[in-house]
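Engineer: Provided herewith is a single structure, encoded as structure tokens, for subsequent inquiry.
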Amino acid sequence: MQPKDLLQLTEQFGSPIYVYDGEKIKSQYNRLTKAFSKVDNLRINYAMKALSNVAILQLLREMGSGLDTVSIQEVLLGLHAGYAPEKIFYTPNGVSLEEIEEVNAMGVQINIDNLSILEQFGAKHPDVPVCIRINPHVMAGGNTNISVGHIDSKFGISIHQLPHLVRIVENTKMNIVGIHMHTGSDILDIEVFLYAAEILFDAAKNFKDLEFLDFGSGFKVPYKKDDIETDIEELGKKLSKRFNAFCKEYGKELTLIFEPGKFLVSEAGSFLVKVNVIKQTTSTVFAGVDSGFNHLIRPMLYGSQHQIDNISNPKGKERFYSVVGYICETDTFANNRRIPEIKEGDILSFRNAGAYCYSMASNYNSRYRPAEVLWLNGQGHLIRAHETFEDLLRNQIPLPIEATV
Ligand SMILES: *Cc1c(COP(=O)(O)O)cnc(C)c1O
């Protein structure tokens with residue numbers, strides 16, 4: 001996709017707008033499957049919380065992907081997008097036994113991540129095939145917001161509780177078919193990942209009827225210049241070999257599962273905004289745009305640095321800007337960033353806007369959420385319309401007149 005295509009789509013559909021390059025999503029999917037081509041039974045479950053538009057789900061379904069879901073509503077969206085229940089995994093955290101039972105009744109693979117629910121579920125439904133989420137306590141990255149493998153994480157069953165886990169499984173005679181880990185969003189170091197994988201292999205030996213091992217995700221993609229990205233090809237080579245050797249040892253061809261979100265969709269996304277105002281203070285030049293953290297919260301929430309291009313003036317002389325939103329609260333997208341000269345009315349494009357961007361958007365300040373467009377075969381398809389005033393009023397129930405006096 002070229003900047004001129006982004007500019008044209010912004011003119012056609014209006015700003016602010018999210019645009020996703022379908023070809024990039026496909027090439028990332030193919031890259032991952034190719035890296036693991038030596039594994040006979042590979043399965044990719046797209047972690048749909050990254051970007052849950054139904055059209056994106058359809059595109060990945062056509063590629064052969066399964067889905068990784070974290071709520072019953074995501075399961076419903078997946079079924080709506082045409083996924084067979086057996087292509088859907090459900091990996092919730094902190095949800096009720098009732099919701100887990102409801103999802104199980106839909107024919108979806110459930111993944112349980114605490115001993116309390118495991119024991120209750122196993123006692124009631126000993127025959128249901130269940131996956132268990134292990135926490136190997138491996139720190140990947142260093143930011144406690146995204147590293148979920150550390151000792152005080154709320155995710156997964158601690159590997160140190162394995163004896164208790166095994167006892168529950170024996171007592172309930174429940175049917176454990178898979179073991180899962182997901183150590184967080186930042187795999188900088190393949191050796192760290194392989195180390196966590198060894199812990200999973202060790203744990204797997206305690207269960208006789210496994211069908212799959214699920215290594216979660218956490219593949220890192222570059223956000224800004226010089227960022228490190230996970231070397232998928234290298235990981236594929238090393239982990240495939242180790243996985244195949246483990247299957248021999250275990251005595252059965254298991255399925256290897258990954259559940260990438262960011263890796264598949266992050267780089268495919270661009271977020272396009274219009275510059276409303278250029279404002280100079282004593283120290284700073286602000287570019288105020290027609291958006292805010294209501295549409296893209298990652299810079300404020302995680303300190304993420306999304307590269308910003310001025311696609312209206314790509315060859316302009318670079319100057320320093322702080323790019324801010326229109327929310328009545330501090331909503332800085334970029335601080336003191338070098339960007340080709342910006343004029344009011346220019347269109348700025350944020351890169352890496354595919355994952356955890358639209359899916360985290362809100363109506364704060366009673367602003368409409370943006371539209372979404374999917375670019376396929378050289379053509380833009382509107383896959384979500386801009387919101388309208390009706391959307392803001394939906395489900396609101398005004399007080400009857402007599403109650404207000
Ligand atoms: C969020 C999540 C993923 C996807 O993580 P990415 O970093 O986006 O690849 C995978 N598995 C589970 C259980 C998750 O919660």
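Engineer: Would you work out the charge dipole size for the chain about its Cα centre, treating the Cβ of every Lys and Arg as +1 and the Cβ of every Asp and Glu as -1, and quote it to the nearest 20 debye?
Structural biologist: That gives the chain a dipole magnitude of about 920 debye.
Engineer: Further, regarding this structure: Can you give the charge dipole size of the range 10-53 about its Cα centre, rounded to the nearest 20 debye, using +1 on the beta carbon of Lys and Arg and -1 on the beta carbon of Asp and Glu?
Structural biologist: The dipole magnitude comes to about 320 debye.
Engineer: So, one more: If you average the sequence gap of Cα pairs under 8 Å that are 6 or more apart and divide by the length of the range 311-405, what percent do you get for the contact order?
Structural biologist: 18
Engineer: Put +1 on the Cβ of every Lys and Arg and -1 on every Asp and Glu Cβ in the chain; which of ASN171, TYR223, THR330 then has its Cα farthest towards the positive end of the dipole?
Structural biologist: TYR223
Engineer: Picking from LEU348, MET300, VAL285, whose Cα lies most toward the positive end of the charge dipole for the range 269-393 (charges on Cβ: Lys, Arg +1; Asp, Glu -1)?
Structural biologist: VAL285
Engineer: Continuing with the same structure: Between VAL54 and TYR302, what is 0.36 nm times their sequence separation minus the Cα-Cα distance? Round to one decimal in nm.
Structural biologist: 86.7 nm
Engineer: Sticking with this one: Determine, for GLU74, GLU99, GLU402, the number of other Cβ atoms within 10 Å of each Cβ, and report the residues in order from fewest to most.
Structural biologist: GLU402, GLU99, GLU74
Engineer: Relative contact order (percent) for the range 203-270, with alpha-carbon contacts under 8 angstrom and 6 or more residues of separation?
Structural biologist: 49
Engineer: With contacts defined as alpha carbon pairs under 8 Å and 6 or more residues apart, what's the relative contact order of the chain in percent?
Structural biologist: Averaging sequence separation for qualifying contacts and normalising by length gives 19 percent for the chain.
Engineer: With the radius of gyration and the Kirkwood radius both derived from the Cα set of the range 269-393, what is their ratio Rg to Rh?
Structural biologist: 0.97
Engineer: Also, quick follow-up: Taking 0.36 nm per intervening residue step and subtracting the Cα-Cα distance, what contour gain separates SER27 from ALA403 on full extension?
Structural biologist: 129.5 nm
Engineer: While we're here: What's the magnitude of the charge dipole for the range 269-393 around its Cα centre, counting Lys and Arg as +1 and Asp and Glu as -1 at the beta-carbon? Answer in Debye, nearest 20.
Structural biologist: 440
Engineer: Would you list TYR356, TYR223 from fewest to most Cβ contacts within 10 Å?
Structural biologist: TYR223, TYR356
Engineer: Moving to a separate point now. Ranked by Cβ crowding within 10 angstrom, fewest neighbours first, how are ASP68, ASP226, ASP391 ordered?
Structural biologist: The fewest-first ordering by Cβ neighbours comes to ASP226, ASP391, ASP68.
Engineer: Of all DSSP beta bridges located in the chain, what percent are antiparallel, nearest 5?
Structural biologist: Within the chain, antiparallel bridges account for around 45 percent of the total.
Engineer: What 222 nm value per residue comes from the helices of the chain, counting each DSSP H run with n ≥ 4 as -39,500 (n - 2.57) and dividing by all residues, nearest 500 deg cm²/dmol?
Structural biologist: Here the helix-only value at 222 nm equals -9000 deg cm²/dmol.
Engineer: To the nearest 0.05, what FRET efficiency results for LYS317 and LYS208 with a Förster distance of 56 Å applied to their C-beta separation?
Structural biologist: 0.25
Engineer: Scale the Cα Rg of the chain by the rule-of-thumb value 2.2 N^0.38 Å and send over the ratio, two decimals.
Structural biologist: 1.07
Engineer: Further, regarding this structure: Let me check the size of the range 156-278 from its C-alpha atoms; what are the radius of gyration and Dmax in Å?
Structural biologist: Radius of gyration, then largest Cα-Cα span, for the range 156-278: 18.5, 67 Å.
No value in this document is a laboratory result; all are computed from the given coordinates. Everything numeric here is computed off the predicted structure, so don't read it as measured data. So basically every Cβ, Gly included, is an ideal-geometry build from the backbone, and we count neighbours across all protein chains shown.
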